[in-house]
Amino acid sequence: MGVIERDPHTGQITTGHEWNGIKELNSPVPKVIYLFLAVTVLFAVTWWVLMPTWPLGTTYTRGLLGVDQREIVTEKVKAAAAGRDPWTRQIAAKDFKDILADASLMRTVRATGHTLFGDNCAACHGLNARGSKGFPNLTSDSWLWGGSPEAIYETIRVGINSAHPETRTAQMPAFGRDQMLPRADIDKVITYVQSLSDSAAQLAAAPDVLAAGKELFAANCASCHGEDGKGNQELGAPDLTDRLWIYGGDRQTLLDTLWAGRQGHMPTWETRLSEVDRKILALYLFDKRAKP
Amino acid sequence: MIAQLTRNERQTALLILLAVAIGGLAMAVGGRDNLLGIHGAIAMALAIVMMFVVIGGYYAPEPTEDRTASYYDDPTKVGIIIAMVWAVIGMAVGDWVAWLLVFPDMTFDAGWASFGRLRPIHTSGVIFGFGGNALIATSFYVMQRTSRARMPDQVTPWFVLLGYNLFCIIAATGYLMGVTQSREYAEPEWYADIWLVIVWVTYFVLYLRTLARRKEPHIYVANWYYLAFILVVAMLHIVNNLAVPISLTQAKSYSLFSGVQDAMTQWWYGHNAVAFFLTAGFLGMMYYYMPKRAGRPIYSYRLSIISFWGITFFYMWAGSHHLHYTALPHWVQTLGMTFSVMLLVPSWASAGNALMTLNGAWHKVRDDATLRFMMVAAVFYGLTTFEGSFMAIRPVNALSHYTDWTVGHVHAGALGWVAMITFGAIYASVPWLWKRESMWSPRLVEVHFWLALAGTIIYVFAMWNSGIIQGLMWRTYGEGGTLAYSFVDSLIAMRPYYIARAVGGLFFLLGAAIGLYNIWMTIRSAPEAAYDMTPDEPVVAGMPAMQPGE
């Protein structure tokens, strides 16, 4: 048992206990603590009186304000929808040409389209819509399935190789793996395909390889990509004469493509986004491409 | 260390290890087609290694009877080293995942390197590995000294410390392999949870047994807090982990609760883990090491009492503030919010009591980085509890919730309060335990202090900025009444703050690594023969424990 002492520094007495050299002062609780406690308790009690708080068996005290978070949020959602109503109604009713002609509607399309695109499309196509390996650049003029607002809208609706019954379907066959072309022929086709978009590659290639490649291309590839290699938007076959590549235009990537084939996937958005949202996205992309 | 155990205790230790090894073997065989089997094998392997350790010292001469005249500190020493090792591991993984948020592709396409698996290694590593081991180690130290009694036996503390670390290892390896029950801060699966219950109840009983032997008529405040920590964590752990395994040979289990009840149980656990693990336990630490190091009496015994009961009472209600604006009924949210606001009073009373204790010792705070660690911890404790009460207010939470502000708040508490008080306590204990005049390098303690403080401030400021920007971007509407920013826009806006945060974290990690080095060098340095150890011993060895009121 310790002895009660007076602490010379604070002038307070100790409690008389000591543990391993530690003592305690018997200082009174500062008044400000009680004040502080009173203020916070008053705040709490006021809130309890005004808001739903205490459980009473199967119900609870509703509070004088009669506030309920579920009702608040329901009303807010309704009010927000009403606020958007004037322009959503117009977008739903008008066709693409009319909306494009309406400057004020297009302002809303651009603002809303940015967020819609960012939240739904950017994960694959990038926030700037420039795509990445395996995901097409949407800011170019090189469209797989057509670049009109109607065509873009349809692609968004049904997707590509998706689960939608009306899905757009396209497949690049695995010429190498499935033994449709021997490796030597594939190499020639690659040389030819590269020459379509790259004049330097054309000059560097041996003329006989180029000629053989062209022949092989006409026999095996032209049915989808066209005699001139400019692709076919009816079939989703990419244009091979521009310098935009979905997977890449270097020899190794082209070999991968020709050897094992490609079957890109874009989900259907019909069940995930409203018609108005899909229309906005189609217009947003069309508009984005229209302005450099 | 084995030499300190009696022959009987060595046998008991072997039996316990044999039981663990057999249990591990059963799990390894029964769960051979499942990740549970790997955990069984790990448990068995560790138990066998420990058996070799015990057998290696089995024929060492028995300790002499006069060991009971001193406190039993071997588990504390080992616990402190383990805690510091976990600190470095946990903080390193934390900084790793911080960089992962800056460079999200840094996963090598491997499952184990994904954010979802590494992040719980960070959280469990620092909370349970570092914090938990530090609490266990210091509680052994403090309970013996403030009770003036040695622990009743020498096997139980080892069982608690090593058993707890077996839990930590099972937890961390499980996360890497994808074993998780997806409950934040309670990720380990059912078998690890059951093991922790056994260890934890043993810990609680050990504490009570030591207190029962005490030769002080009164129980010191630090013990109230340590006991509250042990008791309530047991309760939280058991209730939140009630689950049904899909089979006894498989790791997966399903929670007994579902839907919003499940969410409420989880956050009742989650917030009280903050309250009783990260607050009460470390307040116990603070109540011993701060007055001891400052050489000052506790400012006010009365303030200690109202703070203790205020904290234990108010915290229990506060968990639902994690579920504002969710499917949780509005009235439950109101209760969580209002009790969180009232909680500020006992929290600040504790912080105030700590800081007022330093009156008369501020010159020591200026000169002694160890004491300064504890002072800054008390300041951060006050700041964080204010911020917490503020963020619990529903309209404030509408902005802060799900943002980095929450992350910043947690780290203000975890780095500023929990880690700083622990570093202070460890730097104080190491020379006492290993009988040295001071740490190997007081200068490095000083370096650690400034790295830790700078790291914390960088971290917290980065997350405040990032969190508030995020919160505002998420709720900004354009003219047309649709959201102005996509989620990706907000990620781009956060990137600079993520870099700053990772740098702040790196500072903090460096500090901890320097601390571990300094501790190691202190242990390796030559002990001083003249070290005065008399005040540290129980007064009368072998004297029957005095009963309260005697």
Quick one: Cα centre-to-centre distance for region B:409-462 and region A:1-64, in angstrom?
29
If you take the charge dipole of region A:1-83 about its Cα centre, with +1 on Lys and Arg Cβ and -1 on Asp and Glu Cβ, which of A:Ile72, A:Pro55, A:Tyr34 is farthest toward its positive end?
A:Ile72
Cα shape, region A:183-260, gyration tensor, a/c 1.5 rule
rounded
For A:Gly16, residues with placed amide H under 5 Å, excluding near neighbours:
A:Glu5, A:Glu24
Relative to the Cα centre, what is the charge dipole magnitude of region B:39-163, using +1 at the beta carbon of each Lys and Arg, -1 at the beta carbon of each Asp and Glu, and rounding to the nearest 20 debye?
260
Site B:Ala212, offset 7 angstrom along Cα→Cβ, radius 15 Å on amide nitrogen, limited to region B:54-87, gives none
Which angle from 0 to 90°, rounded to the nearest 10, does the C-alpha axis of helix A:31-50 make with the longest principal axis of chain A?
60
Give or take rounding to whole Å, what are the principal axis extents of the alpha carbon atoms in region B:478-529, in descending order?
80, 14, 10
What's the magnitude of the charge dipole for the protein assembly as shown around its Cα centre, counting Lys and Arg as +1 and Asp and Glu as -1 at the beta-carbon? Answer in Debye, nearest 20.
1500
Per-residue Cβ contact counts at 10 Å, fewest first, order A:His125, B:His411 as A:His125, B:His411
Under unit Cβ charges (Lys, Arg +1; Asp, Glu -1), what dipole magnitude, rounded to 20 debye, does region B:73-525 have relative to its Cα centre?
1500
Using amide H atoms built in the peptide plane, which far-off residues or other-chain residues are under 5 Å from A:Lys230 H to H?
A:Leu240
Kindly provide the helix-only [θ] at 222 nm of chain A, computed as the sum of -39,500 (n - 2.57) over DSSP H runs of four or more divided by all residues, to the nearest 500 deg cm²/dmol?
-16000 deg cm²/dmol
So what's region B:143-283 giving for Cα Rg divided by 2.2 N^0.38 Å, two decimals?
1.16
Within a 10 angstrom radius of each residue's Cβ in B:335-348, how many Cβ atoms of other chains show up on average? Whole number is fine.
4
Within chain B, helix-based [θ] at 222 nm, where runs of 4 or more DSSP H residues each add -39,500 (n - 2.57), nearest 500:
-23000 deg cm²/dmol
With both bridge residues required to lie in the protein assembly as shown, what share of the DSSP beta bridges run antiparallel, to the nearest 5%?
90
How big is Rg to Rh over region B:73-525, alpha-carbon atoms, Rh as the Kirkwood inverse-mean-distance radius?
0.96
What nm value, rounded to one decimal, do you get for the distance between A:Asp228 and B:Ser247 when each label is placed 7 Å out toward the C-beta?
6.5
Roughly how many Å is it from the Cα centre of region A:66-108 to that of region A:213-292, as a whole number?
34
Computed over chain A: longest principal axis from alpha-carbon atoms vs helix A:103-120 long axis, angle to nearest 10 degrees, is 80
Shielding of A:30-37 by partners, i.e. mean partner chain Cβ atoms within 10 Å per residue?
5
A correct Karplus calculation of ³J(HN,Hα) over region A:174-188, with 6.51 cos²θ - 1.76 cosθ + 1.60, θ = phi - 60°, whole Hz and x for Gly and Pro, returns 8, 4, x, 4, 8, 6, 8, 9, x, 3, 4, 5, 4, 4, 5
Which one of B:Tyr72, B:Asn359, B:Trp158 has its Cα pushed farthest toward the positive end of the charge dipole of chain B, where Lys and Arg give +1 and Asp and Glu give -1 at the Cβ?
B:Asn359
Chain B: relative contact order from alpha carbon pairs under 8 Å, six or more residues apart, as a whole percent, is 15
Please work out the C-alpha center-to-center distance from region B:162-199 to region B:328-390 and express it in whole Å.
30
Once you have the Cα-Cα distance between B:Trp309 and B:Ile198, take 0.36 nm times their residue separation minus that, and quote the gain in nm to one decimal.
37.2 nm
Which cross-chain or sequence-distant (5 or more) residues have an amide H under 5 Å from the amide H of A:Thr61, H modelled 1.01 Å from N in plane?
A:Thr53, A:Trp54, A:Leu56
With contacts defined as alpha carbon pairs under 8 Å and 6 or more residues apart, what's the relative contact order of region B:1-159 in percent?
27
Inter-chain shielding of B:485-492 (mean C-beta neighbours from other protein chains, 10 Å cut-off):
5
Kindly identify the protein assembly as shown as rounded, prolate or oblate by the Cα gyration tensor criterion: order the square roots of the eigenvalues as a ≥ b ≥ c, call it rounded if a/c is under 1.5, otherwise compare a/b with b/c, prolate if a/b is larger, else oblate.
prolate
Helix by helix, which DSSP H runs in chain B go 27 Å or more along their axis at the Cα atoms and have an average Kyte-Doolittle hydropathy of 0.0 or more?
B:7-30, B:35-56, B:74-102, B:156-177, B:190-212, B:221-240, B:330-357, B:369-391, B:442-475, B:487-524
Using the count of nearby Cβ atoms within 10 Å as a rough guide to exposure, how do B:His122, B:His218 rank from fewest to most?
B:His218, B:His122
To the nearest 0.05, how large is the calculated FRET efficiency for A:Ile4 and B:Gln261 if R₀ is 41 Å and r is the Cβ-Cβ distance?
0.20
Going by how many other beta carbons lie within 10 Å of each one, how would you line up A:Cys224, B:Cys168, fewest first?
A:Cys224, B:Cys168
Everything considered on the Cα gyration tensor (a ≥ b ≥ c; rounded for a/c under 1.5, else prolate if a/b is larger than b/c, else oblate), region B:292-343 must be described as prolate
By how many degrees, between 0 and 90 and to the nearest 10, does the Cα long axis of helix A:69-93 differ from the longest principal axis of chain A?
30
Just for chain A, what percent of DSSP beta bridges are antiparallel, to the closest 5?
90
Lys/Arg +1, Asp/Glu -1 at C-beta; region A:99-196 dipole; positive extreme among A:Pro165, A:Pro149, A:Ala122:
A:Ala122
Any idea what the relative contact order of region B:241-285 is, in percent, if you count C-alpha pairs under 8 Å spaced at least 6 apart?
22
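Throughout, read-outs are computed from the coordinates displayed, never taken from laboratory work. Since the model is a prediction, treat every value here as computed from it, not as a measurement. Neighbour counts are summed over all protein chains in view; Cβ atoms, including those assigned to glycine, are modelled from backbone coordinates with ideal geometry.
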